[in-house]
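What follows is one structure encoded as structure tokens, with my remarks underneath.
The values are calculated or read from the model by the stated rules, or taken from the named source; none is laboratory data. All values reported here derive from a predicted model rather than from experimental measurement. A quick note on method: Cβ atoms are made from the backbone with ideal geometry, for glycine too, and the neighbour counts reach across all protein chains shown. What goes into the accessible areas is simple: the full protein's heavy atoms, side chains included, and nothing from ligands, DNA or RNA. Shrake-Rupley method; radii C 1.70, N 1.55, O 1.52, S 1.80 Å.
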Amino acid sequence: MPIPDFQSIMLPLLTILADGKVYKYREIIEALVREFQVTEAEKKEMLPSGQQEIFANRVGWAKTYLKKAGLIDSPQRATFVISEKGKEILSQNPARIDAKFLRQFPEFQEFNQVNKQNETITLESNLSTSDQEQNPEELLENSYQEIRQALATDLLSILRKLSPDAFEKLVVELLVKMGYGGSIRDAGKAVGKSGDQGIDGIIKEDRLGLDIIYIQAKRWADNNAVGRPEIQKFVGALAGQGAKKGIFITTSYFTQEALEYAPRNEIKIVLIDGEELGQLMIDYNLGVSTQKIYEIKRIDHDYFGDENVGWVEA
């Protein structure tokens, strides 16, 4: 079964706390893993950012919503217990507890409202029927990925219109930003000086120039795939130069046969297609500029430890 959405976790979480015992956060997660029969692989699935496990993140948001509604309390840091209000709610045998259900509590209504520039925006309003499995953090992450993908697509459309020389220089600039070549001036001298033998440029592997990487940069206006023959020609050109390392970059994409091709000699090549090229340009801030930065912050429980700040019992 798929990983449950954070709203589906609310009632089972409250039910686990029904015995009145104080639970640690990790104990709640493990109990819910058993409740929903979450597999080890599902438990390890990460958010798009790779910063946190999806299931643990959803448990955290379910816990936050229940706490903001006053259904659970936190007697000590990173511990949780059901409140009297929570016990009363469970005695009513609700079929489901979700954001809509919690809206009946004034405490949750206050939490649920964000006032900005005299405009009231509710978190719940962002939880459409089709996105009920996504908590606010997931919505933000997925929106970020959509914006990033749209930007990469726009970059690719521009790259396909560049002149071959401009595209080759852009590729070298990207590799320098990634840590190769030492400097643009040193790397730029190599572009176009290897002749028309399937090599568009060379770049130092490191600042000391202990090894050389040969570059093939294919800027195609159309979206024709790069096949195995093109890769074989590049490998042949590398062998002719006595080179052992090469990077083949294209604004298009590679066929499966091209991706599976592996030279039998010592030559190693890296294939970068248009989609990956766009993502690398975003990662290394080439041809893009930062518009806004959002920071997501969490409580630093180490700061609130006994050695720093005395914890007041509820």
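Does Glu84 qualify as being over 29 Å from the mean Cα position of the chain (by Cα) and among the charged types (D, E, K, R)?
So Glu84 passes the test.
Report whether or not Glu137 is closer than 24 Å to Tyr25 by Cα and either open to solvent by less than 40 Å² (accessible area, probe 1.4 Å) or modelled with pLDDT under 90 (or both).
Working: closer than 24 Å to Tyr25 by Cα: yes; either open to solvent by less than 40 Å² (accessible area, probe 1.4 Å) or modelled with pLDDT under 90 (or both): yes.
It is true that Glu137 is closer than 24 Å to Tyr25 by Cα and either open to solvent by less than 40 Å² (accessible area, probe 1.4 Å) or modelled with pLDDT under 90 (or both).
Does Asn142 satisfy being of a type outside the set (Ser, Thr, Tyr), part of a loop (DSSP other than H, G, I, E, B) and either modelled with pLDDT under 85 or surrounded by fewer than 18 Cβ atoms within 10 Å (Cβ to Cβ) (or both)? Break it down stepwise before answering.
Details: of a type outside the set (Ser, Thr, Tyr): yes; part of a loop (DSSP other than H, G, I, E, B): no; either modelled with pLDDT under 85 or surrounded by fewer than 18 Cβ atoms within 10 Å (Cβ to Cβ) (or both): yes.
Answer is no for this residue.
Assuming Phe248 fulfils every condition listed in (1) in contact with a strand residue (DSSP E or B) (Cβ under 9 Å, 6 or more places away or on another chain); (2) farther than 20 Å from Leu162 by Cα; (3) open to solvent by less than 80 Å² (accessible area, probe 1.4 Å) apart from one, which condition is it?
It fails just one condition, (2).
Looking at (1) of a type in the set (Asp, Glu); (2) at pLDDT 80 or above; (3) out of contact with any helix residue (DSSP H, G or I) (no Cβ under 8 Å at 6 or more places or on another chain); (4) open to solvent by 80 Å² or more (accessible area, probe 1.4 Å), which is the one condition that is false for Asp306?
(2) is the only condition that Asp306 fails.
Are there any pairs, at least 6 apart or on different chains, whose C-beta atoms fall under 9 Å, with the first in region 156-180 and hydroxyl-bearing (Ser, Thr, Tyr) and the second open to solvent by less than 50 Å² (accessible area, probe 1.4 Å) and assigned to a helix (DSSP H, G or I), and if so, which?
Tyr180/Val172; Tyr180/Ala187
Give the residue that is nearest to Arg298 (Cα to Cα), with candidates limited to residues of region 71-91 that are surrounded by fewer than 18 Cβ atoms within 10 Å (Cβ to Cβ) and among the small types (Gly, Ala, Ser).
Step by step, filter region 71-91, then rank; the result is Ala78.
Here are some residues: Thr64, Thr15. Which one is over 21 Å from Arg298 (Cβ atoms) and of a type in the set (S, T, N, Q)? Give the derivation first.
Details: Thr64 fails: over 21 Å from Arg298 (Cβ atoms).
Result of the check over Thr64, Thr15: Thr15.
Quick test for you: out of Pro2, Pro94, pick the one residue that is out of contact with any Lys or Arg (no Cβ under 9 Å at 6 or more places or on another chain) and open to solvent by less than 80 Å² (accessible area, probe 1.4 Å).
Pro94 is the lone residue from the list that is out of contact with any Lys or Arg (no Cβ under 9 Å at 6 or more places or on another chain) and open to solvent by less than 80 Å² (accessible area, probe 1.4 Å).
Could you tell me whether any residue of region 188-211 is part of a helix (DSSP H, G or I), out of contact with any Leu (no Cβ under 7 Å at 6 or more places or on another chain), modelled with pLDDT under 80 and farther than 16 Å from Leu271 by Cα? Break it down stepwise before answering.
Pass one, region 188-211, residues part of a helix (DSSP H, G or I): 188.
Next cut, out of contact with any Leu (no Cβ under 7 Å at 6 or more places or on another chain) only: 188.
Filter once more, keeping what is modelled with pLDDT under 80: 188.
Now drop any that are not farther than 16 Å from Leu271 by Cα, which leaves 188.
Yes.
Which of the numbered conditions does Leu47 fail, given that it passes all the others? Conditions: (1) surrounded by fewer than 12 Cβ atoms within 10 Å (Cβ to Cβ); (2) in contact with a helix residue (DSSP H, G or I) (Cβ under 7 Å, 6 or more places away or on another chain); (3) over 16 Å from Met10 (Cβ atoms).
(1)
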